[in-house]
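Peer 1: The structure follows.
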Amino acid sequence: MKKLQVFADNLWFHESLHFFSGVVMFFIIFKLFGQSGYGLIAFLVSLLIDTDHYLEGLICNRFKISWIFTSYPHIYWQKTGKITLLFHSWELLVIILILGQTFNQQLLSIAIVLPAILHYSIDQIVYSSFRKMSLFQYFFIFRLYHKFNYQILCPRHMDTGN
Ligand SMILES: [Zn+2]
């Protein structure tokens, strides 16, 4: 179990989980819809969901790109005291499905929502196990209710080890 903690502690190990889950999603969506374009979208969604950390981190670090390679996102969460995670919201998936239905883009919406469910599930398993993350963490409403407070939303962080 201790060994698996690397998937919570190390950015590259963690992102590699999303990379491989993205490859799996590519094949699932490709098999389901018979179009590699949707598979590619599913692969990209698997990876790009985490751009919310990076975009916010870049803003907090005044667009110093090198930041991405030197610190883990929790560093800026500690600095700002807020954890927003906009792309990690179950509510967003409901909105995407409704939009897909409204604009007759059901396949596209499924190619976005399925990899997102897998991404959230991977994060949930990793961070619930090693960071005591709440099961409600990826509900936007839950984070809003806690005013995005880092201390409440992320009770066990890496450097304190508590
Ligand atoms: Zn994530």
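Peer 1: At a Cα cut-off below 19 Å, give the aspartates and glutamates reachable from K3, other chains included and same-chain residues fewer than 8 away excluded.
Peer 2: K3 reaches E15, D123, D159.
Peer 1: Taking θ = phi - 60°, what integer Hz values does the Karplus form 6.51 cos²θ - 1.76 cosθ + 1.60 yield along region 104-111, in sequence order, with x for Gly and Pro?
Peer 2: So the J values, rounded to whole Hz, are 6, 10, 4, 4, 4, 5, 5, 5.
Peer 1: Can I ask one more? Once the mean 1/r over all distinct Cα pairs of region 3-153 is inverted, what Kirkwood radius in angstroms do you read off?
Peer 2: It works out to 16.3 Å.
Peer 1: What is the Cα coordinate range of region 1-52 on the first, second and third principal axes, sorted by size from largest, in whole angstrom?
Peer 2: Answer, in whole Å and largest first: 40, 24, 10 Å.
Peer 1: Per DSSP H run of n ≥ 4, the term is -39500 (n - 2.57); total these for the chain, divide by its residue number, and report the mean residue ellipticity at 222 nm rounded to 500 deg cm²/dmol.
Peer 2: Calculated from helices alone, the mean residue ellipticity at 222 nm is -21000 deg cm²/dmol.
Peer 1: For the chain, set up a Gaussian network in which alpha carbons nearer than 10 Å are linked by springs, and say which option among T80, T102, T51 fluctuates the most.
Peer 2: T102
Peer 1: Using amide H atoms built 1.01 Å from N in the peptide plane, name the residues 5+ places from N149, or on other chains, whose amide H lies under 5 Å from its own.
Peer 2: I83
Peer 1: Evaluate the relative contact order of the chain (contact order divided by residue number), counting alpha-carbon pairs under 8 angstrom at least 6 apart; express in whole percent.
Peer 2: 25
Peer 1: Run the reach check for K147 against lysines, Cα to Cα strictly under 25 Å, same-chain hits fewer than 8 apart removed. What comes back?
Peer 2: Counting by Cα, and skipping residues close in sequence, K147 has these lysines nearby: K79, K82, K132.
Peer 1: Residue by residue through region 90-101, which ³J(HN,Hα) values in whole Hz follow from phi under the Karplus form 6.51 cos²θ - 1.76 cosθ + 1.60 (θ = phi - 60°), with glycine and proline marked x?
Peer 2: My calculation for region 90-101 gives 4, 4, 4, 5, 5, 4, 5, 5, 5, 4, x, 5 Hz in order.
Only the coordinates and a few stated rules stand behind these numbers; no lab work does. Since we're looking at a predicted model, the values are computed, not measured.
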